[in-house]
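J.: I'd like to ask you about the structure that follows.
What follows draws every value from the coordinates through simple rules; no lab data is involved. Nothing here was measured: the structure is a model prediction, and the numbers come from that model. Ideal geometry is used to build each Cβ from the backbone, glycine not excepted, and the neighbour counts take in all protein chains shown.
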């Protein structure tokens, strides 16, 4: 019998709704810079490609000097890391699904563009850290998603064939580049029409995930 596939998860928009804390950090930065704050829809449209890209998009939208990008990125990441779980919530049924999948013997991992310190802080604060055997963050490697290297590194660390679970077009492109099956959580931060990305399965509720994975494992 072949080993069970490892399951690698994106974090923001997949396991957790982190936009409220990201929005709070963005708005603290904007207030300090004397700029108008942003609503959820704007901030959510900017997330998924890592903190430097988030800050660059916010700066462009509020006419802040590009020369200050490194300074403002460092400040936002530091502020967000210290307060990354004040408003963030785990999506419904995530914890039960992770427990069931781990009990069945699936190795579990994380592949995210969130910086490593913030990833560690939020996983610990939300009691999710104990489920994962490998975590590849946005600053673990020189490359970020949608480059396949982070996802390939997570799969290699887990030591078996892998399935990637995410919520966005960035995740879909990463899975395609790594030639891995992709499961889309449809209640996250997808910014493009579903038909524009390659998806193996779509699910709306994490209660569905263990059965989807079981059917895929049987076919494999």
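J.: Among 14, 112, 200, what is the fewest-to-most ranking by other Cβ atoms within 10 Å?
T.: On the way: 14 26, 112 31, 200 16.
Fewest-to-most Cβ neighbours within 10 Å comes out as 200, 14, 112.
J.: Here is a further query. Could you give the length gained on full extension between residue 104 and residue 141, defined as 0.36 nm per residue of separation minus the Cα-Cα distance, in nm?
T.: Net length gain for the segment: 10.3 nm.
J.: Let's test the formula: R0 of 30 Å, r as the Cβ-Cβ distance of residue 65 and residue 89. What FRET efficiency results, to the nearest 0.05?
T.: Numbers: r = 35 Å, r/R0 = 1.15.
According to the calculation, E is roughly 0.30.
J.: Oh, and also: As a check on your grasp of the helix formula, calculate [θ] at 222 nm for the chain: sum -39500 (n - 2.57) over DSSP H runs of n ≥ 4, divide by the residue count, round to the nearest 500.
T.: Values: 9 runs with 97 residues, N = 220.
It lands at -13500 deg cm²/dmol.
J.: Would you mind calculating the gained length between residue 208 and residue 36 on full extension (0.36 nm times residue separation, minus the Cα-Cα distance), in nm to one decimal?
T.: On the way: separation 172, 0.36 × 172 = 61.92 nm, distance 4.08 nm.
Taking residue 208 through residue 36 to full extension adds about 57.8 nm, to one decimal.
J.: Taking only Cα atoms and a 10 Å spring cutoff, compute GNM fluctuations for the chain and point out the largest among 161, 88, 174.
T.: It is 161.
J.: Also, quick follow-up: Whole angstrom only: what separates the Cα centroid of segment 163-185 from the Cα centroid of segment 192-220?
T.: Here the answer is 10 Å between Cα centres.
J.: Using the alpha-carbon atoms, what tilt in degrees (0 to 90, nearest 10) does helix 116-125 show relative to the longest principal axis of the chain?
T.: Helix 116-125 sits roughly 70 degrees off the main axis of the chain.
J.: I want the antiparallel fraction of DSSP beta bridges within the chain, as a percent rounded to 5.
T.: Close to 10 percent.
J.: Once you've got the GNM for the chain with C-alpha springs shorter than 10 Å, pick whichever of 197, 110, 163 has the biggest mean-square fluctuation.
T.: 197
J.: Quick check: the angle from helix 69-82's long axis to the longest principal axis of the chain, C-alpha only, nearest 10 degrees?
T.: 60
J.: Further question on the same structure: Provide the gained length on full extension for the span residue 120 to residue 219, in nm with one decimal, where the gain is 0.36 nm per separating residue minus the Cα-Cα distance.
T.: 32.2 nm
J.: Select from 44, 152, 36 the residue whose mean-square fluctuation is largest in a Gaussian network model of the chain (Cα-Cα springs shorter than 10 Å).
T.: Maximum fluctuation in the GNM of the chain, among the listed residues, is at 36.
J.: Against the longest alpha carbon principal axis of the chain, how many degrees, from 0 to 90 and to the nearest 10, is the axis of helix 209-219 turned?
T.: Around 50 degrees separate the two axes.
J.: Evaluate the relative contact order of segment 19-82 (contact order divided by residue number), counting alpha-carbon pairs under 8 angstrom at least 6 apart; express in whole percent.
T.: Once divided by the residue count of segment 19-82, the mean separation gives 33 percent.
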